[in-house]
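Okay, so here's the structure we're looking at.
The values are calculated or read from the model by the stated rules, or taken from the named source; none is laboratory data. Note that this is a predicted model, so its numbers are computed, not measured. Cβ placement follows ideal geometry from the backbone for every residue including glycine, while neighbour counts extend to all protein chains displayed. Ligands, DNA and RNA are excluded from the accessible area calculation, which covers all protein heavy atoms including side chains. Shrake-Rupley method; radii C 1.70, N 1.55, O 1.52, S 1.80 Å.
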Amino acid sequence: MKDVFERFYDNYHHDLYRYIFYMVKNKQLTEDLVQEVYIRVLQSYQSFRKESSEKTWLFSIARHVTIDFFRKQNRRRNRILDYFDWGTKGESIQDPLPEPEDIVIKDEALREVYDYLDVCSEDQKNVLILRFIQSFSIKETAEILNMSISKVKTTQHRGIKKIRKLIEEKQKGGDAS
Amino acid sequence: MNKNSQDQKIINLLKQLPKIEDDIPKEEIYQQIQRKITRTAKTSQPKGRLIPVFSTLLVVIIMIIVIPSFFDSPSFYSNMDHDENGAELMQADFNMEESASLATDTPAEVEKVENQLAIGEDYVRFVIDEVKPETMLVHGAIVEEQMQYVIPVTFLFDNKVDLSERYNELDDYLREEEWKVEENILQGATFDINLMTNEVFLDLPENFSLGDGSARAYVFSDVLAMMFRPLGIEKVIFQQDDLDLGPYGELDELSLPELGPVNYKLYNHPEANRSFLTPVKQPDLSIEEALLNMKIEDNDYYLNHTIPADVDFTIQSGVQSLIIEFSEDTFLINNQQYVTMIESILMTAKSYHYETVIFENPTIDRIGPYELHGPLPVPVAINPIDHLP
């Protein structure tokens, strides 16, 4: 078991850590989820059919682990809202993720792009992180996300377009004031 | 700065985001993982022993509650409306189901349901049962995000305006962003429908392209088929000369594929504001296999099952009627989930050319708007869209 872990760690750990960090933007949580990914890898490595590369297999597991996390988090939040029946007030309750002080970005333009990643849809965020932060190819991204290549291209285009529009809107707001 | 250079700037910024590093040593991570694996193994063991005990207790409790009710009210299920005990039990069942669904429904899903409710209705309807003489149906089609499934939608208009004109307005009524589906593949196209010759003339925009892949090409013909086959149209004639349609090559006209047997699941994208009954093409399945397939979810494509896993049935096939006999231990509930089940069964039966569906041995008389004692005609159309502003 240890040799499998070591091989995955040596080859992909930093990429894996970075991917999950940009998905959840919290270091402690990233550490937990990375461990969860390794656990799933070790538990299912025997059944890995090697139809895809180890790297894309690992990242598709990572993707599912983060999706599971977000779904559980949503369910937990909704149960709390249902319990207290706060109605519309509940809408102002934010996700329990702390503000990401784990990362300091002083450059304003970089900060904007970092923040606006969260406004993108889950697929768009995945594609933008894998393509441009992780420098994965379109084909690798498509395999990890179980998308067609054209779907990756469209999602990438839409994600960038969404960020561009938000930047433009902010600039317009700034100009107006 | 033009859009392309702005987009490139955003890409460059994404590439410049800090390269976050993990500062926990490799050995420590491995030990933590080992601890978690061991802990999981230990905690999962006693559960296995307790489950049979709990199950047995649960069965005993259920029997204590249920058996006297059966003796008190033997005709409980067939006389639900008139039997007081039965009514109470029915209410209890319903509440249990409702509580269960409330526990799992997210506010987004609740909002999704509310978005689809017409005023004065208690259930989301995924089908249209009848068309009044002064109205006409206009059939559209949308494509889910991964371009594997085409979803038919239906608009009801008054029939004072020309049918082609209505089709040409369709793009204004599609809300792809809210529904989390692909952008309209036929954006900017215009249609001229000839019901005498069963043809439609299609004028595609200048920059129209199907790209190199096959997915978009299949979707293209399926979208056209779903839009025009219900009108009896068999052929699309392109207005442009030598139109290059990617994998199809250069075409002047396209024969529309027939709408073959399908089974229906529920496209329920978590970020969408509504859901849609979605045909799953498996033409080789028998009607029974198709119905069984509707119990299976396909989470990769956000396709929910439409028949609950614990609903068991056998089928008999008549000339025009499909007879579905529920098993003795299948208890139906009058709620949204079962309304959707009935509608998806009716639509699936329609795709196999049945005209009515008869449900036998139902434990209740009515599910939503459907009276279960008697043949139910298959619907006229699917996924009605409220297009009014």
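Restricting attention to region A:43-62, does a residue exist that is part of a helix (DSSP H, G or I), within 13 Å of chain B (Cβ to nearest Cβ), surrounded by 16 or more Cβ atoms within 10 Å (Cβ to Cβ) and not aromatic (F, W, Y)?
Taking every residue of region A:43-62 in turn, none turns out to be part of a helix (DSSP H, G or I), within 13 Å of chain B (Cβ to nearest Cβ), surrounded by 16 or more Cβ atoms within 10 Å (Cβ to Cβ) and not aromatic (F, W, Y).
Can you tell me which residue in region A:126-152 is farthest from B:L14 (Cα to Cα), limited to those that are more than 9 Å from chain B (Cβ to nearest Cβ) and open to solvent by 20 Å² or more (accessible area, probe 1.4 Å)?
Restricting to residues being more than 9 Å from chain B (Cβ to nearest Cβ) and open to solvent by 20 Å² or more (accessible area, probe 1.4 Å), the top hit is A:E143.
Looking at (1) open to solvent by 10 Å² or more (accessible area, probe 1.4 Å); (2) at pLDDT 90 or above; (3) of a type in the set (A, V, I, L, M, F, W, C), which one does B:I193 not meet, given that it meets all the others?
Only one criterion is unmet by B:I193, namely (2).
Only one of these conditions is not met by A:K161: (1) within 11 Å of chain B (Cβ to nearest Cβ); (2) touching a helix residue (DSSP H, G or I) at 6+ places or on another chain (Cβ under 7 Å); (3) at pLDDT below 90. Which number is it?
(2)
Checking B:E178 against (1) touching a residue at least 60 places away in the same chain (Cβ under 8 Å); (2) assigned to a helix (DSSP H, G or I); (3) over 19 Å from the mean Cα position of the chain (by Cα), only one condition comes out false. Which one?
(3)
Could you check how many residues of region A:1-31 are within 7 Å of another protein chain (Cβ to nearest Cβ) and touching a Pro at 6+ places or on another chain (Cβ under 7 Å)?
Residues meeting the conditions: 0.
Rundown of residues vs (1) surrounded by 13 or more Cβ atoms within 10 Å (Cβ to Cβ); (2) under 15 Å from B:L137 (Cβ atoms); (3) not aromatic (F, W, Y), yes/no style:
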residue	(1), (2), (3)
B:L170	yes, yes, yes
B:E182	yes, no, yes
B:G188	no, no, yes
B:G213	yes, no, yes
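May I ask you to say which residue of B:A217, B:A225 is within 14 Å of another protein chain (Cβ to nearest Cβ), open to solvent by less than 10 Å² (accessible area, probe 1.4 Å) and of a type outside the set (S, T, Y)?
Exactly one residue qualifies, and that residue is B:A217.
When residues of region B:357-384 are filtered for being open to solvent by less than 40 Å² (accessible area, probe 1.4 Å), among the polar types (S, T, N, Q) and modelled with pLDDT under 95, how many remain?
Going through region B:357-384 one residue at a time, the tally reaches 1.
For region B:136-172, what are the residues that are part of a strand (DSSP E or B) and over 24 Å from B:S344 (Cβ atoms)?
Answer for region B:136-172, where residues must be part of a strand (DSSP E or B) and over 24 Å from B:S344 (Cβ atoms): B:M136, B:F157, B:D158.
Here is a list: B:I315, B:I237, B:I233. Which entry is away from every other protein chain (no Cβ under 14 Å), out of contact with any Pro (no Cβ under 6 Å at 6 or more places or on another chain) and open to solvent by less than 10 Å² (accessible area, probe 1.4 Å)?
The conditions single out B:I233.
Give B:Q116, B:Q146 a once-over and let me know the one that is open to solvent by less than 60 Å² (accessible area, probe 1.4 Å), touching a Ser or Thr at 6+ places or on another chain (Cβ under 9 Å), modelled with pLDDT under 90 and closer than 30 Å to A:E143 by Cβ.
Result: B:Q146 is the single residue among B:Q116, B:Q146 that is open to solvent by less than 60 Å² (accessible area, probe 1.4 Å), touching a Ser or Thr at 6+ places or on another chain (Cβ under 9 Å), modelled with pLDDT under 90 and closer than 30 Å to A:E143 by Cβ.
Which numbered condition trips up B:A272, out of (1) within 18 Å of the chain's Cα centre (by Cα); (2) part of a strand (DSSP E or B)?
Going through the list (1) within 18 Å of the chain's Cα centre (by Cα); (2) part of a strand (DSSP E or B), B:A272 breaks only (2).
Among the listed residues B:S214, B:S221, B:S164, identify the single one that is at pLDDT 90 or above and under 28 Å from the mean Cα position of the chain (by Cα).
Among B:S214, B:S221, B:S164, only B:S221 is at pLDDT 90 or above and under 28 Å from the mean Cα position of the chain (by Cα).
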